[in-house]
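> This is the structure I want to talk about, given as structure tokens.
Every number in this text was worked out from the coordinates using simple rules, so none of it is lab data. Treat the numbers as computed from the prediction; the structure is a model and nothing was measured. Because the Cβ atoms are built from the backbone with ideal geometry, glycine has one as well, and the counts that use them run over all protein chains shown.
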Amino acid sequence: MAKEKKHQPRMSFTQNVDRMFDCAAEILELDPGMAEMIRQCNAIYQVRFSVELKGKLRAFVGWRALHSEHRLPAKGGIRYSEAADLDEVEALAALMSYKCAVVDVPFGGSKGALCIDPREFDEEDLEKITRRFAREMIKKSFINPSTNVPGPDMGTTAREMGWISDTYRTLCPDDINAIGAVTGKPETQGGIRGRVEATGRGVQYGIREFFRNPEDVSRAGLSGGLEGKRIIIQGLGNVGYHAGKYLTEEDGAKVTGIIERAGALLDEKGLDVEAVERWKQAKGTIKGYPEARFITDGNSLLEHECDILIPAAIEGQIHSENAAKIQAKIVAEAANGPVTFHADRILRERGIIVIPDFYLNAGGVTVSYFEWIKNISHIRFGRLERRLDEMRGSRIVEVLEHMTGKPVPQEMAHKLSEGADELDLVRSGLEDTMRLAYRAIRETWLDDDRVDDLRTAAFVVALRKIARSYEQVGL
Ligand code: NAD
């Protein structure tokens, strides 16, 4: 966790999340016993193992935390990071519980991490390490399609999920739902179309929904839509890249700054996100990209003037030392926990709107939910109804032509008679989820006098649902 001001006690990631939780629990007047039950992590598994790599034994440590089981399976990504520790995993698992509740994904919360810098290893070694880590987790049922389903997170991709899935299927060949033990898999291995970009898409849909409400936009001191709005992104990874790409290409926003580990790029006219990504892929860094100014102290750009700041890298990036200097009107938390508890208070006092992480980055878990449903139902979305939809559409075209005596223009006829495929359904389900969840959060934000920010509102929405579930199961 990034540093807090010296006169303030430095809080761990878990403490930061818990303090935010407590504000909502107080508003809801949750029974202290119930609050404690929701807040605490139910189970934690720490594993140490060694793998022989290029003739040498290397030792690793990893964790999987199971935060809540009011709904099963519990869901949460696996992170590969040299900075990972147990506290981080617990905090991320808790956020998963609140995230699933806020977007009505009927899962509990979990999270895993392996303390490793994946850039240090080649593909062959990474596969060995991943398969071994997966075996350890599977042995203890911390990976299982009925109880605990991982997905990708920072430092992992569909490739790692494919290895984990294959390991599960090898160890449990008689589990009919084995393919649902992991989400975010490659499409060829039971994955779903649209999962890779889902979190970034969800960030786009969430910000779009915010801008659909002029009252909210004006609370942030802005006006109009997303067109021309200046965005700075920290972290051009899976989430940051896709969010930046869609917000510029489809909504007309401008990405004026990109902050990465090596430094930052700045161009007030707007960066070509796709071109920066190509450069990063080719060179392994954004440094040297010729079409923008390079700033060595990348994080100084967090304090640069813009309309929307999207932290999409790691936690604790906006803390008590820089919160007072943030010039963005909106902080859209694409990463988990990028704003500390104290910084959140400072931003709020300054009238900066924070769109909270566990709502805004819920696109990944939402599409993972769709993937899991596809896996356990053993059928691709759209397979049964697509042709029927096309036939219905064609009939509408025929009726229109019959009634008007004119041919329906070809492009329109094509659109009307096209059945939805898996990607269309995933996108529409994701957009619907993000829009409905924002409305529920907003309603609490506007209607409850004790709630004066979106984060507390989102916590209130989530905790109300989780508490109800626990009450209903009689715990
Ligand atoms: P990623 O590994 O694909 O990308 C992270 C990017 O951030 C990398 O480009 C890395 O170089 C950069 N980065 C790391 N530390 C940085 C720093 N200190 N300053 C600037 N840049 C830095 O990870 P991701 O999957 O995009 O995840 C990013 C965040 O989003 C994490 O907080 C993760 O938990 C959260 N998240 C991810 C998903 C998902 O589906 N991948 C879902 C929900 C939330």
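> Grab the Cα-Cα distance for residue 281 and residue 249, subtract it from 0.36 nm times how many residues apart they are, and report the gain in nm with one decimal.
Here the answer is 9.5 nm.
> Please arrange 98, 369 by counting, for each residue, the other beta carbons lying within 10 Å of its beta carbon, fewest first.
In order of increasing Cβ crowding within 10 Å: 369, 98.
> If each residue's Cβ is checked for other Cβ atoms within 10 Å, how do 79, 427 rank with the fewest at the top?
By the 10 Å Cβ count, ascending: 427, 79.
> Structure shown: which of 99/329; 185/280; 229/329; 111/185; 75/140; 254/329 lie over 20 Å apart, alpha-carbon to alpha-carbon?
Beyond 20 Å between Cα atoms: 99/329; 185/280.
> If I stretch the segment between residue 472 and residue 140 completely, what's the gain in nm (0.36 nm per residue apart, minus their alpha carbon distance), one decimal?
Difference between extended and current length: 116.7 nm.
> Let me ask you something else. Could you sort 236-247, 53-64 so that the peptide with the highest average Cβ count within 10 Å comes first and the rest follow in order?
236-247, 53-64
> Return the distance in nm (one decimal) between the two label points of a simple spin-label model at residue 52 and residue 418, each offset 7 Å from Cα along Cα→Cβ.
Placing both labels 7 Å beyond Cα along the Cβ direction yields 5.5 nm.
> Using a Förster radius of 41 Å, what is the FRET efficiency between residue 443 and residue 15 based on their Cβ-Cβ separation? Nearest 0.05, please.
0.90
> Then there's this: Length gain on complete extension for the stretch residue 61 to residue 87, per 0.36 nm per residue less the alpha carbon to alpha carbon distance?
That works out to 8.0 nm of additional length.
> Find, among the GluC sites (Glu not before Pro) in the range 57-156, those assigned to loop by DSSP (not H, G, I, E, B) with at most 13 other beta-carbon atoms within 10 angstrom.
In loop regions of the range 57-156 (DSSP not H, G, I, E or B), the sparsely surrounded GluC sites (Glu not before Pro) are 82.
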